[in-house]
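The values are calculated or read from the model by the stated rules, or taken from the named source; none is laboratory data. Since the structure is predicted, the reported quantities are computational estimates derived from the model, not experimental observations. As a convention, Cβ positions derive from the backbone with ideal geometry for all residues, glycine included, and neighbour counts pool all protein chains shown.
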Amino acid sequence: MAGLKETLLKETPKIKEFGSGLTAALWNIPGYQKKYALLGSPLGSIHTKIKIHGEEKKIPEGTAHFLEHKLFADKESGNLFDYFASFGASCNAYTSLTGTSYLFSTSENLSKCLELLLDFVQNLHMTPTSIQKEKKVILQEISMYKDHPGWQVFYNLLQNLYHQHPIRNDIAGTKESVLSIGEEILKFCHDTFYHPKSLLLAVIGDLDMEEIIETIEKNQERKTFLPAAEFDFVNLDEPQEIRQKETRVKFSIGQPIIQLGFKINDNPSGGKPLLERDLAFALLSDILFGTGSPAFYEMYDEGLIDDGFSAGFSGEETFGHFILGGGTNHPEKLIERLLEIIKKAKTEGISEGDLERAKKKIWGGFIASLNSLEVLAGQFVKDYRRGLEIVDHFSSLEGINKGQLEYLLTEQLEEEKASISIVEPK
Amino acid sequence: MGSYNFTRHFFPDRGIRLFHLKTDKFKTNSMKCVIPLPLDPGTASANALLPFVLYRGSVDFPRSIDLIRRLEDLFGTDLSVDVRKRGEWQLIDFTLETVNKNFLPGNRDILPETIDILSGILFKPLLENGNFQDTYVEGEKRTLEEEIITLKNNKMEYALERCYQEMCQGEPFSVFRYGDREKIKEITSQELHSHYEVVRKQAPLYIFFVGNVSCEKLKKWVLSSFPPREKVTEIKMNGIEVPARPEKIIVEKDAINQGKLNIGYRTGINRKDPDFPALLVANGLLGSFPHSRLFRTVREEHGLAYYIFSRIESTKGLLTISAGIDPDQFEETIEIIDGEWKKILAGEIDESEVGFTKKALCSQLKISEDNPFDLMGIEMINALNCTGQSRKELIDQIEKVKTHDVSRVLNRVKKDTIFFLEPEEES
């Protein structure tokens, strides 16, 4: 696979730090119409406790998401969507487990859009009325997700796996936590996690580098910022054991949905080990449960699963879980079978041939995903915060051996760390 | 914008229309093979079942696992199948995406092999005593039935589908893209095979390609992979009549937290209509962007909904507004929507809104050339609407739309059916 690095590296981002402390990655990709920018804050939904000025401070669940809504619905300076629309751009924002992202895409007026993005994210305006109104919208959002049986089955499972890690709750928080959020905490979070030193800007597309650098520089010079405060996210003490073995709820649906989840306690620190764990789990799940595994079509032909069946891992430094499942008419039988497949694989081990094939598949899938500027930018931000580059994905993938997969299989997928969540028709 | 236009090629002896676009912009080569079939309650279920059964076993790959493992070995080549509905067409879609040879060891070109695999799935099915394998047919029948049952799991999609059903009762458009559960149950492998023979001989094949391969090479590969066919039929345009009748309100109860409101309108406008660009602007101004009227009033001003948007179905000539609301606010929401509609009809439109919307629409069209599947999707819809309009031409027409065109075109649009999926009780 030599030479690939050069082909991919034809396009690499230029990293620049500005006077305000803001870091920007400018990535020139000729030939694209779209120009895409993403401004990320490190405050995510799982950050509910931090250490600052030597003291610990609690952040209510859903605060990161609330702040995202609040910055977006900034009425003091007019409707943000209108401003972007007037430049022919569309904007959006989302909160994830480990960060909040504000983004726009446009085919023209890139500099004006960049200024707008930096201005609205770096300025927080609010009034008690505007906070009250935003609560109404967020409660509607929470209510909308509650009508998704797929969402219910997933969150019920996370509630089973975790005792107190905030991942067990919706990114938007709970009704109670949202109602408890007020002006003081929003301002505190904005001062701390939206300081230029904490923000990361990625701009990607067919770019005029000089113009962009000048725009950002001037924009940042115009503003004054408080001194940056050092902070650390504090991990809650999450026990290794799962909280509950099983949850069943009734829902107005046509077919039961199940998820079987394993709590993974061996959480590495550092970018490379985290990436390697992600990749090893992706390979393992493909080999055991992918459409090319012997198990998939056996279960399919027996009517245990349909093509909505999936298996996958999610993890960071403070948590990890491997979840599999989907719609089924035979919940008990399916769960039993999934556990059997894992048990059998533990004794038989992983074959080299399967590993090589799974690697090729992941390689191709990753390259295909890089057609999209959004994926490139999102991947860059995630990698940068982990201290990684795009090419690390390829070298890490090549380096993974079957011993690593077998370790995860035998040491981490433990039956006593497994829980099930079932949503049944009413 | 670049000249991202497809070249079009017709091969009558193969029943193939080939749409080719060469570019080195992407890291993959993408292909879509579409079989458009008239949407009809009598054949919809068999049409929907067909591609999934073909995918399960061919002469070259008798078992799915053989096919999937081969595709994985070809660097995770994506070969997938689905059935969609566009206007009164049921589209059998085969999608192929392979990594460009520049990103593969030894710069090996895997495209010809994957085109061959695709053709084999379509034209060389695995047969048992002259019929499809019973186990595959029964397995796929079950999956398809489940797909239909589980439509109810996605409340937003379910409510929209129900709105279409009520609105277009008796018209082919009311048929679900996967057909009907009872009809699927009854299909035998023999019947499905006879149906396949008709489709194999007569159905036109539309092949779209975006990638770094010359037209000559692609033609050669396609023609050497796909067999000759003689009696292929041509597609005709959909009817888009607007029936004269009073508005309907249908309320259905379900155990949900949030009410799902859908309002269906008839536009009588498809992509061939000279008013189509004005309709795009009107729909954009009304509800398809975050800067649109509905989002601004219903969500931002009144905080009544988390989601509210409008969209058009450009082949059948429909417009729908969808919103997730509290059931107590049903009347208030409808009132606000109707109020905004009336304002637009009366010409109470800000020049800037029209400007923003036109910019956003043109930007969307320009940006579509950054995604191979968007490019192929637009080309396909144009083919169904029997128009060869380029994206550049559409952009030019959108730019010419005036504020009064927006009021005028919306005047052609008639409210037809309100469908509300209502929570059973307060939760």
message: If I filter segment A:365-378 down to residues being without any contact (Cβ under 8 Å) to a residue 12 or more places away in the chain and part of a helix (DSSP H, G or I), which single residue comes out as farthest from A:Leu38 (Cα to Cα)?
response: A:Gly365
query: Only one of A:Ser252, A:Ser314, A:Ser269 is hydroxyl-bearing (Ser, Thr, Tyr) and either at pLDDT 95 or above or crowded, with 18+ Cβ neighbours inside 10 Å (or both); which?
result: A:Ser314
query: Any residue at all in segment B:384-400 that is modelled with pLDDT of 95 or more, over 19 Å from the mean Cα position of the chain (by Cα), farther than 30 Å from B:Leu205 by Cα and part of a strand (DSSP E or B)?
result: no
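Listed here are the residues, each with its yes/no results for (1) in contact with a strand residue (DSSP E or B) (Cβ under 8 Å, 6 or more places away or on another chain); (2) over 23 Å from B:Arg86 (Cβ atoms).
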| position | (1), (2) |
| --- | --- |
| B:Gly264 | yes, no |
| B:Pro274 | no, no |
| B:Leu280 | yes, no |
| B:Gly287 | yes, no |
| B:His291 | no, yes |
| B:Thr297 | no, yes |
| B:Glu300 | no, yes |
| B:Thr315 | yes, no |
| B:Leu319 | yes, no |
- line: B:Lys359 meets each of (1) over 23 Å from the mean Cα position of the chain (by Cα); (2) surrounded by 17 or more Cβ atoms within 10 Å (Cβ to Cβ); (3) touching a residue at least 40 places away in the same chain (Cβ under 8 Å) with one exception, condition (3)
message: Looking only at segment A:236-255, filter to residues that are of a type outside the set (S, T, N, Q) and closer than 30 Å to B:Arg181 by Cβ; which one of those is farthest from the other protein chains (Cβ to nearest Cβ)?
response: A:Arg248
field: Extreme residue, surrounded by the most Cβ atoms within 10 Å (Cβ to Cβ), among residues of segment B:169-189 that are within 16 Å of the chain's Cα centre (by Cα) and assigned to a helix (DSSP H, G or I)
entry: B:Phe173
- request: Just need a number here: residues in segment B:66-79 that are touching a strand residue (DSSP E or B) at 6+ places or on another chain (Cβ under 6 Å) and either closer than 14 Å to A:Gly290 by Cβ or within 8 Å of chain A (Cβ to nearest Cβ) (or both).
  value: 4
- prompt: Is there a residue in segment B:212-233 that is more than 19 Å from the chain's Cα centre (by Cα), of a type in the set (S, T, N, Q), assigned to a loop (DSSP other than H, G, I, E, B) and in the same structural domain as B:Ala159 (by TED's automatic domain parsing)?
  reply: yes
task: Would you please name the residue that is modelled with the lowest pLDDT, looking only at residues in segment B:286-343 that are hydroxyl-bearing (Ser, Thr, Tyr), in a helix (DSSP H, G or I) and over 29 Å from B:Ile378 (Cβ atoms)?
output: B:Thr297
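Could you grab me the full set of residues in segment A:343-357 that are in a helix (DSSP H, G or I) and farther than 18 Å from A:Gln412 by Cβ?
Within segment A:343-357, A:Glu352, A:Gly353, A:Asp354, A:Glu356, A:Arg357 meet the criteria.
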- request: Please state which one of A:Gln132, A:Gln140, A:Gln152 is loosely packed, with under 15 Cβ neighbours inside 10 Å, within 14 Å of chain B (Cβ to nearest Cβ) and not aromatic (Phe, Trp, Tyr).
  value: A:Gln132
task: Considering only residues that are aliphatic (A, V, I, L, M) and at pLDDT 95 or above, look in segment A:210-234 and name the one that is farthest from A:Glu55 (Cα to Cα).
output: A:Ile212
message: For segment B:182-208, which positions are touching a Gly at 6+ places or on another chain (Cβ under 7 Å) and more than 21 Å from B:Gly120 (Cα to Cα)?
response: none
task: Answer yes or no as to whether A:Tyr32 is under 22 Å from A:Leu200 (Cβ atoms), in a strand (DSSP E or B) and within 14 Å of chain B (Cβ to nearest Cβ).
output: no
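For the condition modelled with pLDDT of 95 or more and more than 14 Å from chain A (Cβ to nearest Cβ), what is the one hit in B:Glu128, B:Glu166?
B:Glu166
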message: Against the definition (at pLDDT below 95 and either among the acidic types (Asp, Glu) or over 20 Å from the mean Cα position of the chain (by Cα) (or both)), how does B:Gly139 come out, yes or no?
response: yes
message: Take the residues in segment B:90-110 that are modelled with pLDDT of 95 or more and away from chain A (no Cβ under 13 Å); name whichever of them is surrounded by the fewest Cβ atoms within 10 Å (Cβ to Cβ).
response: B:Asp93
- request: For segment A:40-112, please list each of the strands (runs of 3 or more DSSP E) lying entirely inside it that holds at least 3 residues being closer than 25 Å to A:Ile212 by Cβ.
  value: A:90-95, A:100-106
- prompt: Just wondering, is there one or more residues in segment A:168-177 that are more than 22 Å from A:Gly327 (Cα to Cα), more than 14 Å from chain B (Cβ to nearest Cβ), of a type in the set (Gly, Ala, Ser) and over 18 Å from the mean Cα position of the chain (by Cα)?
  reply: yes
message: Looking for something without any contact (Cβ under 8 Å) to a residue 40 or more places away in the chain and either assigned to a loop (DSSP other than H, G, I, E, B) or not aliphatic (A, V, I, L, M) (or both) - is there at least one such residue anywhere in segment A:226-248?
response: yes
Which listed residue is in contact with a Phe, Trp or Tyr (Cβ under 6 Å, 6 or more places away or on another chain) and over 30 Å from A:Gly320 (Cβ atoms), from A:Ser130, A:Ser111, A:Ser107, A:Ser86: A:Ser86
